[in-house]
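Each reported figure results from applying straightforward, stated rules to the coordinates on display, with no laboratory input. Here the structure is a predicted model, which means the values were calculated and not measured. Here Cβ is always computed from backbone atoms with ideal geometry, including for glycine, and neighbour counts include all displayed protein chains.
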Protein chains: 2
Amino acid sequence: MNAWEILERKSIRATPARKSILEVLLKERCPLSYREVAARLPEGQDRVTLYRTLLLLFKEGIVHRVLDMKGTWRFCAHDSGHPGCPGNHPHFACRVCGRMECLIGSNLPFVEVEPGTEVEGKHMVIYGVCRDCLVKRTKKRGAGSL
Amino acid sequence: MNAWEILERKSIRATPARKSILEVLLKERCPLSYREVAARLPEGQDRVTLYRTLLLLFKEGIVHRVLDMKGTWRFCAHDSGHPGCPGNHPHFACRVCGRMECLIGSNLPFVEVEPGTEVEGKHMVIYGVCRDCLVKRTKKRGAGSL
DNA sequence: TACCTCCCCGCAACACTGTTGCATTTACCC
DNA sequence: GGGTAAATGCAACAGTGTTGCGGGGAGGTA
């Protein structure tokens, strides 16, 4: 399903700004910060419109969002082929390149809370160094020690 | 163990600012934001010093920190009676009052990541409405319907 | 087609968290 | 008590995210 169809199905006006923002998220399958989305949009896109659109897409359930280790929101769209989407999975954040990935394979585990508490959702971020950055680091070390 | 002893044991200069900040965290057992810590300190405490001190306490392993649902760091000190402290447990964040609690009872669950990835840590936040806020809400509704 | 209304967009301004550089002051060791 | 390295306070900055407001465009109605 493309951006236009998704917006149409939710009865949201498919304006150029919304279409292009959603297209960016549909293309990149990992959670992007507002800054990363902006970098993939034609220059001149208003900052506030981008924020508002991301929030709209989130509230409509079209994308999910997760906080990275810097405290900024990242937004991600998966098509409906993934059960439990949007959002019901842990995420991995690379400390080196800052990239984040959805760990689609596993669902968020159950955690017991104090009785009488109303649970609305949960977030889980695993952080460390991704494979690409580990490889780069190893290569650098190798070159340096020659 | 009091603040002075903790700092002494880690060979950190026990300045008044550090002692009072650590005392606040030792007293309140739930993760506090810089703003909440500042509110519990005598007025006039410098913002930057507070940030630097919180970061120092975290890096020294005296406190742990966790991101709340607004993307701000919260710092928390537990004494060493808790196994896996500091930090190896999920947290609960109340959407209404903003308060956060440590779910000391359970450890962070294992999650499988892509092979070749280096995992350094993980964060888990369960969000919803805490018991106190639920009670208040119920009372309000009750009063309104009379 | 003309009009009208609602919603989207862009701009300006703001609040807040967190960081950096630098000069001054302080705690600790001798 | 003096010297030194570290801690503090101040000013300034960067970045994220929000709010208010006016203009303009899309879509519906007559």
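Here are the numbers for the structure shown:
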read-out: Only listed residue being within 13 Å of DNA strand C (Cβ to nearest atom) and in contact with a strand residue (DSSP E or B) (Cβ under 7 Å, 6 or more places away or on another chain), chosen from B:PHE75, B:PHE92; value: B:PHE75
read-out: Given (1) within 16 Å of DNA strand C (Cβ to nearest atom); (2) exposed (fewer than 12 other Cβ atoms within 10 Å of the Cβ); (3) closer than 30 Å to A:GLY121 by Cα, number of the condition B:GLY61 does not satisfy; value: (1)
read-out: Cβ-Cβ under 6 Å pairs, at least 6 apart or on other chains, the range B:30-59 side among the small types (Gly, Ala, Ser), far side outside any helix (DSSP H, G or I); value: B:SER33/B:THR72; B:SER33/B:ARG74
read-out: Every residue from the range B:40-61 that is away from DNA strand D (no atom under 11 Å from the Cβ) and touching a helix residue (DSSP H, G or I) at 6+ places or on another chain (Cβ under 6 Å); value: B:ARG40
read-out: Pair list, Cβ under 8 Å, 6 or more apart: the range B:106-131 residue more than 7 Å from every other protein chain (Cβ to nearest Cβ), other residue part of a loop (DSSP other than H, G, I, E, B) and surrounded by fewer than 20 Cβ atoms within 10 Å (Cβ to Cβ); value: B:ASN107/B:GLY84; B:ASN107/B:ASN88; B:LEU108/B:ASN88
read-out: Options B:PHE92, B:PHE75; residue that is away from chain A (no Cβ under 11 Å) and either at negative phi or surrounded by 15 or more Cβ atoms within 10 Å (Cβ to Cβ) (or both); value: B:PHE75
read-out: Tally, over the range B:107-130, of residues that are under 19 Å from the mean Cα position of the chain (by Cα) and either under 21 Å from B:SER33 (Cα atoms) or surrounded by fewer than 16 Cβ atoms within 10 Å (Cβ to Cβ) (or both); value: 11
